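See structure below.
The values are calculated or read from the model by the stated rules, or taken from the named source; none is laboratory data. Given the structure is predicted, the values throughout are model-derived calculations rather than measurements. For neighbour counting, all protein chains shown are included, and Cβ atoms are generated from backbone atoms with ideal geometry for every residue, glycine included.
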Amino acid sequence: MPSRPVICYLRFAYFKKEARVLRHLRFLGEHFDFICIGYGEDPSPLLPGVNLKWHPIQQAWGKMWLKIVRTLARWPGRLIPPLDWVPDKMMADWREARAIISGLEYDLFMGSEMSPLLMGVWQRRVKGKPFIMDYHEYPPLEAEEKRWHRWFHGPHCFRLLKRYGAMAAGSSTVNTQFVERMEQEFGIRAIAVMNAPELAELPPQAPRSDGLIHLAFHGHPGGDRNLDALIKAMALLDERFVLHLMLMSEVEPDSCWRKLAEESAPSRIHFEETVSPRETVRRLTPWDIGFNILEPLNYNHRHALPNKFFDYIHAGLATVCSDTVTGRDFVERYGIGWVVEQVTPESLARLLLSLTPDDIAARKQASLRLREQIHAQKEESQMVGLVNRVMALSVPQSGS
């Protein structure tokens with residue numbers, strides 16, 4: 001069997017928890033072999049049929065003084081461009097990844113998120129290998145509401161993209177708004193690959209006769225995701241409403257979320273076991289309404305189309321969305337749910353109490369129709385096409 005091209009894939013994260021990364025590996029793995037570098041356990045068991053060699057690195061747990069120094073180290077690059085490399089070189093995991101990559105043989109480097117950008121630039125200079133970057137957001141405005149980001153991290157990201165972003169042989173991000181802005185500001189010709197799961201057959205569901213309305217929240221419980229407002233809203237709802245929480249982080253018995261649930265509606269809030277990304281849709285399917293109520297604090301949030309948004313669609317759930325630009329557009333264009341202007345316990349309860357069974361059923365049917373249009377098989381084919389084009393251009397031509 002002839003050898004296949006090899007992609008070196010780097011992400012400073014736990015691959016097993018990264019739905020977008022796993023989808024890239026799953027579909028690209030039909031055509032290419034992988035060497036993957038990241039935190040934690042080998043993701044191979046989640047990727048049957050993908051030829052993958054795993055190189056784990058240790059996540060850098062910097063002390064507070066080191067974080068402060070690294071933040072301040074983003075400033076001098078404004079005047080002396082080579083100093084833009086210093087913040088990355090300060091990180092033990094970045095240095096460990098670089099040492100591993102130095103001894104590898106591969107055909108293409110792929111970086112996920114912002115941190116591997118300079119790694120791609122470095123290996124292009126040293127090894128002459130092309131690289132592709134997959135940006136999950138628009139990095140310069142990732143947390144623009146925070147002062148430290150506006151002063152240090154955001155300008156640093158902007159400079160890196162301005163100086164080095166267009167050196168990538170290809171780039172991708174999660175929606176067309178980010179694509180357009182990256183081309184206008186940095187000359188980066190990116191493609192949009194949305195965070196949709198694979199189109200898979202849903203498990204059969206027996207007709208429900210319990211008269212209950214099952215609500216679902218899936219994802220990280222961070223403060224800007226308004227989980228506290230949703231839990232508090234349960235105290236304002238009647239016995240028909242049940243809330244299922246599938247949180248991405250461990251929920252200890254004495255956690256603030258369990259305490260808040262106990263105070264609000266203990267018998268009607270259930271903490272569900274978190275499953276792998278490929279099992280998420282199947283687990284969500286029995287429920288009725290999913291919540292994507294991210295606070296629109298910054299540019300990225302206003303245009304967010306997170307994994308959970310498409311998980312709800314593929315599970316055939318209606319969606320309640322906060323008033324984000326792109327989220328509102330999807331919900332209203334496809335009729336898959338409702339937009340709540342302000343995310344408070346009162347506004348959420350008011351919306352939910354106004355819904356009829358027919359309202360919910362109509363939105364659920366709209367989601368089932370939409371999943372046939374937006375799914376990983378279609379989205380990831382664009383990523384496969386991008387990699388194929390870059391590979392073709394990087395092959396030495398005869399007689400050259």
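Side notes on the structure shown:
- Looking only at residues in segment 326-378 that are in a loop (DSSP other than H, G, I, E, B) and of a type in the set (Val, Ile, Thr), the one that is surrounded by the most Cβ atoms within 10 Å (Cβ to Cβ) is 336.
- Filter pass, residue 239 being part of a helix (DSSP H, G or I), farther than 20 Å from residue 284 by Cβ and in the same structural domain as residue 323 (by TED's automatic domain parsing): no
- Being at pLDDT below 95, surrounded by 18 or more Cβ atoms within 10 Å (Cβ to Cβ) and of a type outside the set (Ser, Thr, Tyr) holds for only one residue in 87, 43, 76, and it is 87.
- Test: residue in segment 55-68 that is modelled with pLDDT of 95 or more, over 18 Å from the mean Cα position of the chain (by Cα) and under 20 Å from residue 129 (Cα atoms): yes
- Selected residue (only one of 312, 334 is touching a Gly at 6+ places or on another chain (Cβ under 6 Å) and modelled with pLDDT of 95 or more): 312
- Strands (runs of 3 or more DSSP E) fully within segment 1-88 that include at least 1 residues being under 19 Å from residue 121 (Cβ atoms), in contact with a helix residue (DSSP H, G or I) (Cβ under 7 Å, 6 or more places away or on another chain) and not assigned by TED's automatic domain parsing to the domain that holds residue 277: 6-14, 33-39.
- Identity of the residue in segment 281-306, surrounded by 22 or more Cβ atoms within 10 Å (Cβ to Cβ) and in a helix (DSSP H, G or I), that ends up farthest from the chain's Cα centre (by Cα): 284
- For segment 92-111, the candidate set comprises residues that are out of contact with any helix residue (DSSP H, G or I) (no Cβ under 6 Å at 6 or more places or on another chain) and assigned to a strand (DSSP E or B); within that set, the residue that is surrounded by the fewest Cβ atoms within 10 Å (Cβ to Cβ) is 108.
- Taking segment 255-276 as the range and being touching a Leu at 6+ places or on another chain (Cβ under 9 Å), without any contact (Cβ under 8 Å) to a residue 60 or more places away in the chain and loosely packed, with under 15 Cβ neighbours inside 10 Å as the test, only 270 passes.
- Set 249, 264, 276: member being more than 27 Å from residue 203 (Cα to Cα), in the same structural domain as residue 312 (by TED's automatic domain parsing) and of a type in the set (Ser, Thr, Tyr): 264
- Candidate set from segment 189-235 (those that are under 14 Å from residue 260 (Cβ atoms) and of a type in the set (Gly, Ala, Ser)); member that is surrounded by the fewest Cβ atoms within 10 Å (Cβ to Cβ): 223
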